1. Can you name the residue in the stretch 98-112 that is open to solvent by less than 30 Å² (accessible area, probe 1.4 Å) and of a type in the set (Gly, Ala, Ser) and, of all such residues, is farthest from ASP190 (Cα to Cα)?
2. What number of residues within the stretch 137-170 satisfy the criterion of being in contact (Cβ under 8 Å) with a residue 24 or more places away in the chain and charged (D, E, K, R)?
3. For ILE50, work out the one condition from (1) without any contact (Cβ under 8 Å) to a residue 12 or more places away in the chain; (2) under 18 Å from ALA189 (Cα atoms); (3) of a type outside the set (D, E, K, R) it doesn't fulfil.
4. Restricting the search to the stretch 47-93, which residues are surrounded by fewer than 18 Cβ atoms within 10 Å (Cβ to Cβ), of a type outside the set (A, V, I, L, M, F, W, C) and within 13 Å of THR20 (Cα to Cα)?
5. Considering PRO151, PRO168, PRO160, which residue is touching a Pro at 6+ places or on another chain (Cβ under 6 Å) and either polar (S, T, N, Q) or modelled with pLDDT under 95 (or both)?
6. Among the candidates ARG155, ARG124, single out the residue that is under 30 Å from LYS200 (Cβ atoms) and either of a type in the set (S, T, N, Q) or assigned to a strand (DSSP E or B) (or both).
7. If a residue must be among the β-branched types (Val, Ile, Thr) and at pLDDT 90 or above, how many such residues does the stretch 97-148 contain?
8. When you scan the stretch 60-78, do you find a residue that is farther than 16 Å from GLU187 by Cβ and at pLDDT 95 or above, even just one?
Amino acid sequence: LPTMCPSVERWYQACEYAATYACSVSLLPTHRKETNRVVARNRRIGVSIIDWTGWIVAASMHRVTAYMRKGYDIVRKTAADRNSEAGVPEPVRVTTIKPGGTGPKLPGRTPGIGYPTFRETLRRMRVASNNPICPVLDRAGVPFEPCYYDPTGTRIYEYPTVQGPAPPAEEVTLWEQAMNLLTVQREWADNAVSNTLYFKPKYKLVYWRDASTPKQEEWWSEL
């Protein structure tokens, strides 16, 4: 979460800590022998970034590119050191961009390298009626309504959020989104990047004939 780091040095430290944690977790066996064999062979980890589009708005693309390059080197070196200490092979892959679900929502940031769907939204969350947080939300005046399927056991709270600082996806061209994917895949992620490209599917086709060349016929798309 680089946009929550107060300095670039803290971002580099976060890269080191995340790599140490991921390598430590990879040493734990799962309940599947097939999975354990693959993990033992590859030692693959995936240190991810949250709110990448907010990061480039806050710090600019050329700075973020430099930060990702150095951050990747730190993750790679840390992973090699930790696995060497544990007596296991170095990871074949170490970085990624994951889709992001609950994680980005907790600090109110945009998941992965995507843009917010809208600038302002209503966030809704399901909460058990006996959860201790309900009285806190009630005192704060957060509105709710009972769940249609479980009216006595579940409440649905809603509150407004302002997404950003990156612009909403509908204001960003398909090509810019694709170039962001290219940049992150080149400068940071050696695993695959999770990504969704937004575009306008409906275009009006316009027929045009050049008056100087009557036989010429051309089509183009107009927004």
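The values are calculated or read from the model by the stated rules, or taken from the named source; none is laboratory data. Owing to the predicted nature of the structure, the values given are computational and were not obtained by experimental measurement. Cβ placement follows ideal geometry from the backbone for every residue including glycine, while neighbour counts extend to all protein chains displayed. Please note that ligands, DNA and RNA were not included when accessible areas were found on the heavy atoms of the full protein model with its side chains. Shrake-Rupley method; radii C 1.70, N 1.55, O 1.52, S 1.80 Å.
1. Among those residues, the one meeting the criterion is GLY100.
2. 3
3. ILE50 satisfies all of (1) without any contact (Cβ under 8 Å) to a residue 12 or more places away in the chain; (2) under 18 Å from ALA189 (Cα atoms); (3) of a type outside the set (D, E, K, R) except (1).
4. Scanning the stretch 47-93 gives LYS77, ASP81, SER84, GLU85, GLU90.
5. Of PRO151, PRO168, PRO160, the one residue that is touching a Pro at 6+ places or on another chain (Cβ under 6 Å) and either polar (S, T, N, Q) or modelled with pLDDT under 95 (or both) is PRO168.
6. Sole residue among the options that is under 30 Å from LYS200 (Cβ atoms) and either of a type in the set (S, T, N, Q) or assigned to a strand (DSSP E or B) (or both): ARG124.
7. So the count comes out to 6.
8. yes
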